[in-house]
Amino acid sequence: MIRSLCVFCGSNSGGDPAYANLARDFGALLAKSNIALVYGGGHVGLMGIVADAVLAGGGNAIGVIPRMLWDREVGHRNLTELHVVETMHERKAMMASLSDAFVALPGGLGTLEEIFEVWTWAQLGIHRKPLGFLDVLGFYGPLLSFLDGAVDAEFVRAQHRSMAIVDCDPASLLRRLSEYEPPVVAKWISAAET
(Lines give C-alpha, C1' and ligand atoms only; values in the text may rest on other atoms or scores of the structure.)
Protein backbone atom coordinates (compact mmCIF):
# COMPACT_ATOMS: atom_id res chain seq x y z
CA MET A 1 0.00 0.00 0.00
CA ILE A 2 1.38 3.40 -0.97
CA ARG A 3 0.75 6.03 1.70
CA SER A 4 3.53 8.39 0.67
CA LEU A 5 5.17 8.88 -2.69
CA CYS A 6 8.42 10.66 -3.45
CA VAL A 7 8.32 12.77 -6.61
CA PHE A 8 11.51 13.84 -8.35
CA CYS A 9 10.96 16.59 -10.93
CA GLY A 10 12.28 19.78 -12.42
CA SER A 11 12.83 23.06 -10.63
CA ASN A 12 11.84 24.54 -14.00
CA SER A 13 8.49 24.13 -15.70
CA GLY A 14 9.82 23.13 -19.13
CA GLY A 15 9.02 24.68 -22.47
CA ASP A 16 5.69 22.96 -23.14
CA PRO A 17 2.59 23.56 -20.98
CA ALA A 18 1.98 19.79 -21.04
CA TYR A 19 4.72 19.35 -18.41
CA ALA A 20 3.05 21.71 -15.93
CA ASN A 21 -0.36 20.22 -16.67
CA LEU A 22 0.97 16.73 -15.95
CA ALA A 23 2.50 17.86 -12.63
CA ARG A 24 -0.77 19.56 -11.66
CA ASP A 25 -2.84 16.49 -12.56
CA PHE A 26 -0.48 14.19 -10.68
CA GLY A 27 -0.57 16.35 -7.56
CA ALA A 28 -4.37 16.46 -7.65
CA LEU A 29 -4.46 12.68 -8.04
CA LEU A 30 -2.16 12.17 -5.05
CA ALA A 31 -4.41 14.33 -2.88
CA LYS A 32 -7.55 12.53 -4.10
CA SER A 33 -5.90 9.16 -3.46
CA ASN A 34 -4.84 10.19 0.07
CA ILE A 35 -1.18 9.67 -0.80
CA ALA A 36 1.21 12.15 0.82
CA LEU A 37 3.69 13.87 -1.46
CA VAL A 38 7.35 13.73 -0.45
CA TYR A 39 9.55 15.98 -2.57
CA GLY A 40 12.47 18.39 -2.59
CA GLY A 41 10.66 21.24 -0.83
CA GLY A 42 10.87 23.88 -3.56
CA HIS A 43 8.19 26.32 -4.67
CA VAL A 44 9.56 26.74 -8.20
CA GLY A 45 9.06 24.80 -11.44
CA LEU A 46 7.30 21.45 -11.56
CA MET A 47 8.22 20.95 -7.91
CA GLY A 48 6.08 23.88 -6.84
CA ILE A 49 3.27 22.99 -9.24
CA VAL A 50 2.88 19.43 -7.96
CA ALA A 51 3.07 20.56 -4.31
CA ASP A 52 0.51 23.34 -4.84
CA ALA A 53 -1.85 20.86 -6.53
CA VAL A 54 -1.56 18.43 -3.61
CA LEU A 55 -2.26 21.22 -1.11
CA ALA A 56 -5.14 22.62 -3.17
CA GLY A 57 -6.70 19.15 -3.13
CA GLY A 58 -6.46 18.95 0.66
CA GLY A 59 -3.53 16.53 0.62
CA ASN A 60 -0.28 16.43 2.55
CA ALA A 61 2.93 17.79 1.03
CA ILE A 62 6.18 17.02 2.83
CA GLY A 63 9.28 18.89 1.69
CA VAL A 64 12.93 18.11 2.37
CA ILE A 65 15.30 20.90 1.40
CA PRO A 66 18.98 21.60 2.06
CA ARG A 67 19.69 24.78 4.02
CA MET A 68 21.66 26.29 1.11
CA LEU A 69 18.54 26.17 -1.07
CA TRP A 70 16.27 27.35 1.73
CA ASP A 71 18.59 30.32 2.26
CA ARG A 72 18.26 31.18 -1.46
CA GLU A 73 14.50 31.46 -0.86
CA VAL A 74 13.48 28.69 -3.23
CA GLY A 75 11.75 26.75 -0.44
CA HIS A 76 7.97 26.35 -0.29
CA ARG A 77 6.60 28.20 2.75
CA ASN A 78 3.15 26.60 2.97
CA LEU A 79 3.79 22.86 3.16
CA THR A 80 2.17 20.42 5.55
CA GLU A 81 5.63 19.51 6.81
CA LEU A 82 9.09 20.86 5.98
CA HIS A 83 12.49 19.43 6.89
CA VAL A 84 15.54 21.67 6.43
CA VAL A 85 18.67 19.51 6.29
CA GLU A 86 22.34 20.31 5.92
CA THR A 87 23.35 18.37 2.81
CA MET A 88 21.98 16.94 -0.41
CA HIS A 89 22.89 13.47 0.86
CA GLU A 90 20.76 13.98 3.98
CA ARG A 91 17.94 15.26 1.79
CA LYS A 92 17.89 12.17 -0.42
CA ALA A 93 18.20 9.76 2.51
CA MET A 94 15.30 11.42 4.34
CA MET A 95 13.12 11.55 1.24
CA ALA A 96 13.74 7.83 0.70
CA SER A 97 12.96 6.96 4.31
CA LEU A 98 9.68 8.92 4.24
CA SER A 99 8.45 7.33 1.00
CA ASP A 100 6.76 4.08 -0.01
CA ALA A 101 7.45 4.58 -3.75
CA PHE A 102 9.27 6.92 -6.15
CA VAL A 103 8.26 8.64 -9.37
CA ALA A 104 10.22 10.84 -11.76
CA LEU A 105 8.35 13.51 -13.67
CA PRO A 106 10.23 15.43 -16.37
CA GLY A 107 13.28 17.19 -15.01
CA GLY A 108 16.98 17.80 -15.42
CA LEU A 109 20.20 16.46 -13.98
CA GLY A 110 19.02 16.44 -10.37
CA THR A 111 15.89 14.51 -11.25
CA LEU A 112 17.91 11.92 -13.15
CA GLU A 113 20.46 11.59 -10.37
CA GLU A 114 17.74 11.08 -7.76
CA ILE A 115 15.70 8.47 -9.64
CA PHE A 116 18.82 6.58 -10.68
CA GLU A 117 20.07 6.48 -7.10
CA VAL A 118 16.86 4.89 -5.76
CA TRP A 119 16.83 2.58 -8.80
CA THR A 120 20.40 1.51 -7.98
CA TRP A 121 19.41 0.95 -4.35
CA ALA A 122 16.57 -1.31 -5.54
CA GLN A 123 18.99 -3.18 -7.79
CA LEU A 124 21.28 -3.77 -4.81
CA GLY A 125 18.40 -4.93 -2.60
CA ILE A 126 18.70 -1.94 -0.24
CA HIS A 127 14.95 -1.38 -0.59
CA ARG A 128 12.02 -3.10 -2.32
CA LYS A 129 9.95 0.01 -3.03
CA PRO A 130 8.48 0.53 -6.52
CA LEU A 131 9.75 3.26 -8.79
CA GLY A 132 8.60 4.69 -12.06
CA PHE A 133 8.62 7.40 -14.67
CA LEU A 134 5.57 9.53 -15.44
CA ASP A 135 6.31 10.17 -19.08
CA VAL A 136 4.76 12.96 -21.12
CA LEU A 137 5.39 13.85 -24.73
CA GLY A 138 7.87 10.97 -24.89
CA PHE A 139 10.25 12.92 -22.62
CA TYR A 140 11.91 9.80 -21.22
CA GLY A 141 11.80 7.75 -24.43
CA PRO A 142 15.44 8.37 -25.50
CA LEU A 143 16.72 7.62 -21.99
CA LEU A 144 14.76 4.38 -21.77
CA SER A 145 15.95 3.36 -25.23
CA PHE A 146 19.51 3.95 -24.07
CA LEU A 147 18.90 1.67 -21.07
CA ASP A 148 17.45 -1.01 -23.35
CA GLY A 149 20.70 -0.76 -25.31
CA ALA A 150 22.64 -1.14 -22.06
CA VAL A 151 20.72 -4.38 -21.46
CA ASP A 152 21.59 -5.57 -24.98
CA ALA A 153 25.24 -4.68 -24.32
CA GLU A 154 25.08 -6.66 -21.04
CA PHE A 155 25.83 -3.75 -18.73
CA VAL A 156 22.33 -3.77 -17.19
CA ARG A 157 20.39 -6.92 -16.34
CA ALA A 158 16.91 -7.19 -17.83
CA GLN A 159 15.41 -7.82 -14.38
CA HIS A 160 16.90 -4.54 -13.14
CA ARG A 161 15.75 -2.59 -16.20
CA SER A 162 12.23 -3.94 -15.66
CA MET A 163 12.09 -2.51 -12.14
CA ALA A 164 11.16 0.89 -13.58
CA ILE A 165 7.47 1.26 -14.40
CA VAL A 166 6.81 3.73 -17.21
CA ASP A 167 3.43 5.24 -17.99
CA CYS A 168 2.08 8.45 -19.49
CA ASP A 169 -1.15 8.32 -17.46
CA PRO A 170 -0.96 9.34 -13.77
CA ALA A 171 -3.78 7.05 -12.57
CA SER A 172 -2.42 4.07 -14.47
CA LEU A 173 1.06 4.65 -13.09
CA LEU A 174 -0.20 4.84 -9.50
CA ARG A 175 -2.18 1.62 -9.98
CA ARG A 176 0.81 -0.18 -11.46
CA LEU A 177 3.10 1.03 -8.65
CA SER A 178 0.65 -0.24 -6.02
CA GLU A 179 0.47 -3.66 -7.75
CA TYR A 180 4.23 -3.98 -8.23
CA GLU A 181 5.93 -7.14 -6.98
CA PRO A 182 9.67 -6.51 -6.81
CA PRO A 183 11.99 -9.23 -8.04
CA VAL A 184 14.00 -11.11 -5.48
CA VAL A 185 17.42 -9.49 -5.42
CA ALA A 186 20.33 -10.89 -3.46
CA LYS A 187 21.35 -8.37 -0.82
CA TRP A 188 25.01 -7.46 -0.88
CA ILE A 189 26.85 -8.78 2.16
CA SER A 190 29.99 -7.08 3.37
CA ALA A 191 33.05 -9.02 4.51
CA ALA A 192 32.33 -7.85 8.07
CA GLU A 193 28.97 -9.65 8.01
CA THR A 194 30.45 -13.02 7.00
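Observations on the structure shown:
- Within the accessible area of the chain (1.4 Å probe), percent carbon and sulfur: 55 percent
- Rg to Rh quotient for the stretch 1-132, alpha carbon positions, Kirkwood Rh: 0.93
- For PHE133, the residues whose amide H sits under 5 Å from its own are ALA104, ILE165, VAL166, ASP167, ignoring neighbours fewer than 5 places away on the same chain, with H placed 1.01 Å from N.
- For CYS6, nonlocal amide neighbours, meaning residues 5 or more places apart or on other chains whose placed amide H falls under 5 Å from its own, are VAL38, ASP100, ALA101, PHE102, VAL103.
- Relative to the longest principal axis of the Cα atoms of the chain, the long axis of helix 141-152 lies at roughly 10 degrees.
- Heavy atoms of GLU73: accessible area, 1.4 Å probe, square angstrom to 10: 130 Å²
- In the full protein context, the chain carries 51 Å² of accessible surface per residue, based on a 1.4 Å probe and ignoring ligands, DNA and RNA.
- Against the chain, whose longest principal axis is taken from its Cα atoms, helix 109-123 shows a tilt of about 40°.
The values are calculated or read from the model by the stated rules, or taken from the named source; none is laboratory data. This one's a predicted model, so the numbers in the text were calculated from it and none came from an experiment. Side chains included, ligands, DNA and RNA excluded: accessible areas come from the protein's heavy atoms. Shrake-Rupley method; radii C 1.70, N 1.55, O 1.52, S 1.80 Å.
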